[in-house]
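The values are calculated or read from the model by the stated rules, or taken from the named source; none is laboratory data. For clarity, every value in this text was computed on a predicted model and none was experimentally measured. FYI the Cβ positions are ideal-geometry reconstructions off the backbone, even for glycines, and counts take in every protein chain you see.
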Amino acid sequence: MDEPVKKRVRSGNQPAARGPEPATGPAVEFGEECGGEGGVPYEVFAYRPLGLSRVTIWHREYVDGIQLETARGVLPRIGGMGKHRDVRQESFELGPGEFLTGISVECWKYIDRITFHSNKRDYGPYGGSGGRVKKRLDAPSGREVAGFKGRHWEIIDSIQLMIY
């Protein structure tokens, strides 16, 4: 039996219409995409002025999945929840005034390991022992990470920053 088709994910929690506000709107991609070429494309991000409030990661040998959350709710999951029973699920919450500034990834064909960087601390690493390529992706000064874009299926194949 064929696997169900996984649709391209493009989502963000859009703020309620409140009139013109220059600091509102979708995120834009920034920097390079790290990882492999498998899977299907995704874009998952929060709309400004909503920021990310919580991140959940499913991981073991690779980074199987990531789910972002805002004050408005949960965004679509990136990747999967693990192919094995012993996949770990871990979450962290961003405190008041805290926001993501970047990530460090170790990858090859998949995202093997990830660390999240905020303006206050680091979270992780999550995943396996690491991949062949190690990269740090940071938002420019004065900007913040609103989400991610890349390729995924049952695990995360590649990742790139979405910022505002």
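The residues in the range 66-89 that are in contact (Cβ under 8 Å) with a residue 60 or more places away in the chain and of a type in the set (A, V, I, L, M, F, W, C) can be counted, and the count is 4.
For the range 58-117, the tally of residues that are among the hydroxyl-bearing types (Ser, Thr, Tyr), over 15 Å from GLY147 (Cα atoms) and either touching a helix residue (DSSP H, G or I) at 6+ places or on another chain (Cβ under 9 Å) or assigned to a strand (DSSP E or B) (or both) stands at 1.
Taking each residue of the range 90-118 that is farther than 14 Å from CYS34 by Cα and looking for partners that are basic (Lys, Arg) and part of a strand (DSSP E or B) with beta-carbon atoms closer than 9 Å, six or more apart or interchain, yields SER91/ARG54; PHE92/ARG54; GLU93/ARG54; LEU94/ARG54; HIS117/ARG136. Checking each residue of the range 108-128 against the condition of being of a type in the set (D, E, K, R), in contact with a Cys (Cβ under 6 Å, 6 or more places away or on another chain) and farther than 19 Å from PRO76 by Cα gives no match.
Is the range 109-130 home to any residue that is crowded, with 19+ Cβ neighbours inside 10 Å, out of contact with any Phe, Trp or Tyr (no Cβ under 6 Å at 6 or more places or on another chain) and of a type in the set (Lys, Arg)? The answer is yes, given that some residue of the range 109-130 is crowded, with 19+ Cβ neighbours inside 10 Å, out of contact with any Phe, Trp or Tyr (no Cβ under 6 Å at 6 or more places or on another chain) and of a type in the set (Lys, Arg). Taking the range 42-56 as the range and being in a strand (DSSP E or B) and over 13 Å from the mean Cα position of the chain (by Cα) as the test, only ARG48 passes. Every listed requirement among (1) touching a Leu at 6+ places or on another chain (Cβ under 9 Å); (2) not in a loop (DSSP other than H, G, I, E, B) is met by LYS120 save one, (2). If I ask for residues that are assigned to a strand (DSSP E or B), surrounded by fewer than 20 Cβ atoms within 10 Å (Cβ to Cβ) and among the acidic types (Asp, Glu), which ones from the range 134-162 would you list? Selection gives ASP138 alone.
Filtering GLY65, GLY73 for residues that are among the small types (Gly, Ala, Ser), over 16 Å from PRO125 (Cβ atoms) and at pLDDT 95 or above leaves a single hit, GLY73.
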